Amino acid sequence: MTRPLAALASLTAVYLLTLASVHPLDALGGLLVAGAVLFATRRVTVVRSAPTGTALAVRALGFLPFALAVGREIAAGTWQVTLVVLGLRKLRCPGIVAVPVGERSPSGIVATALAVTLSPGEVFVDLDSERGVMLFHVLDASDPDAVRRRYEDFYRRYQRSVFP
């Protein structure tokens with residue numbers, strides 16, 4: 001019960017910081033908005049089992065390599081987009097690539113989508129639950145298998161230990 005209350009308080013605090021106000025009516029409005037957001041996203045935000053002890057330590061230790069790998073992907077994506085924008089590299093074959101969800105949890109899918117979308121030139125488009133794939137638009141979709149391998153390698157090497 002403390003997690004929903006903490007989430008409600010945190011979202012309300014963000015709301016009040018955004019407004020730069022602590023007026024009681026603003027706080028009430030923030031509580032209503034936070035409650036509506038939590039209710040609307042309950043299927044996504046409900047944690048079934050939180051990591052404890054060793055699992056939490058492993059996730060915390062894995063975050064730095066994950067963050068550095070995301071930073072490397074952002075730098076590489078920025079470079080590729082810069083080359084295309086400046087006309088130094090042709091835009092070969094942009095398109096949608098279906099990447100299997102595999103063993104990713106719902107939070108792992110969100111982390112993959114966010115990490116990929118942070119890198120310029122690649123964006124999460126949709127999740128096809130029926131087919132079990134995530135759809136990404138990439139600048140070079142000429143070899144979809146290479147794109148899938150790159151995403152799977154990133155997941156296995158950096159993301160799985162932090163956001164399974």
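Each value in this text was obtained by applying a stated rule to the coordinates, not by laboratory testing. What you see is a predicted model, and the numbers here were worked out from it, not measured in a lab. A quick note on method: Cβ atoms are made from the backbone with ideal geometry, for glycine too, and the neighbour counts reach across all protein chains shown.
Any residue at all in the range 121-136 that's under 19 Å from Phe66 (Cβ atoms) and touching a Gly at 6+ places or on another chain (Cβ under 9 Å)? Yes; the residues of the range 121-136 include at least one that is under 19 Å from Phe66 (Cβ atoms) and touching a Gly at 6+ places or on another chain (Cβ under 9 Å). Considering the range 68-82, the residues that are of a type in the set (A, V, I, L, M) and surrounded by fewer than 13 Cβ atoms within 10 Å (Cβ to Cβ) include one that is farthest from the chain's Cα centre (by Cα), namely Ala75.
Considering (1) surrounded by 13 or more Cβ atoms within 10 Å (Cβ to Cβ); (2) in contact with a Cys (Cβ under 7 Å, 6 or more places away or on another chain), the lone condition that Ser142 does not fulfil carries the number (1). I want to confirm something. Restricting to the range 115-138 and keeping residues that are free of Cβ contacts under 8 Å to residues at least 24 places away in the same chain and in contact with a strand residue (DSSP E or B) (Cβ under 8 Å, 6 or more places away or on another chain), which single residue is surrounded by the most Cβ atoms within 10 Å (Cβ to Cβ)? Selected residue: Phe124. Determine whether the range 87-104 contains at least one residue that is in a helix (DSSP H, G or I) and loosely packed, with under 13 Cβ neighbours inside 10 Å. Within the range 87-104, not a single residue is in a helix (DSSP H, G or I) and loosely packed, with under 13 Cβ neighbours inside 10 Å.
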